[in-house]
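What follows is a set of notes on a single structure, which appears directly below.
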Amino acid sequence: NIALFINYGDKSPKAPSWSMSRNFLSILQSHYPERLGRAMVINVPFLLNAFFKFIMPLVDPITRDKVRFNPKVVQDGLIDNDKLLNVHGWGGGVDFEFKHEIYWKTMIEACKTRREEQMQRWKDLGGKIGEDEWLIKGGPTSSSLETTATATETPVVGAQASATVEPVQG
């Protein structure tokens, strides 16, 4: 799940504009449906707040429940103080400074390693277009799900959903 923290009160050049937020939410909705865990928006401008009050009753109830405007995230129990950054009005207890020269290299290495692992899994599965992405990314196979269900004597939801999709011939 994805947690969004949007602060409209930050006056720095990196503050999200309305159009940037709208485009981001459009991408999230179109390409990552049902991935939103929680969206917290603070310091909402008056006109935007009025717009949200008008439009939110029309939003799907499950999605509407995931969105909070101007929450006191720590006081409302939405997130622990020791997991929230102490920057830009969020009021958390974590001090963090992103250092590109340190973190970027680490992220690139992690992505490279993950890609190599997934490429090897794809080759091990036969290297065909249409292989199950879940298996390529290292998810359990249907046989391991059945083993888990047998060992725990509890049915595993979605165990039959891991069948491999074969490409259409012709």
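A compact table of results
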| read-out | value |
| --- | --- |
| Listed residues LEU84, LEU58 arranged by accessible area, highest first, probe 1.4 Å | LEU58, LEU84 |
| Label-point separation in nm, SER26 to MET119, each point 7 Å along Cα→Cβ | 3.4 nm |
| Amide H contacts under 5 Å for LEU36, placed H, 5+ residues apart | ILE2 |
| Extension reserve of the ILE55-PHE69 stretch, reckoned as 0.36 nm per residue once the Cα distance is removed | 3.7 nm |
| For ASP132, distant residues with modelled amide H under 5 Å away | VAL165 |
| 5 Å-binned pair-distance histogram of the range 31-134 (Cα, whole percent) | 2, 9, 12, 11, 13, 14, 12, 11, 10, 5, 1, 0 |
| Solvent accessible area, Å² - ARG115, 1.4 Å probe, full protein context | 150 Å² |
| Amide H contacts of ILE6 (H built 1.01 Å from N, under 5 Å, at least 5 apart or other chain) | MET40, VAL41, ILE42 |
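The values are calculated or read from the model by the stated rules, or taken from the named source; none is laboratory data. On a predicted model such as this, the values are computed, not experimentally measured, just so you know. Methodologically, a virtual Cβ is constructed for each residue, glycine included, from the backbone with ideal geometry; neighbour enumeration extends over all protein chains shown. Please note that ligands, DNA and RNA were not included when accessible areas were found on the heavy atoms of the full protein model with its side chains. Shrake-Rupley method; radii C 1.70, N 1.55, O 1.52, S 1.80 Å.
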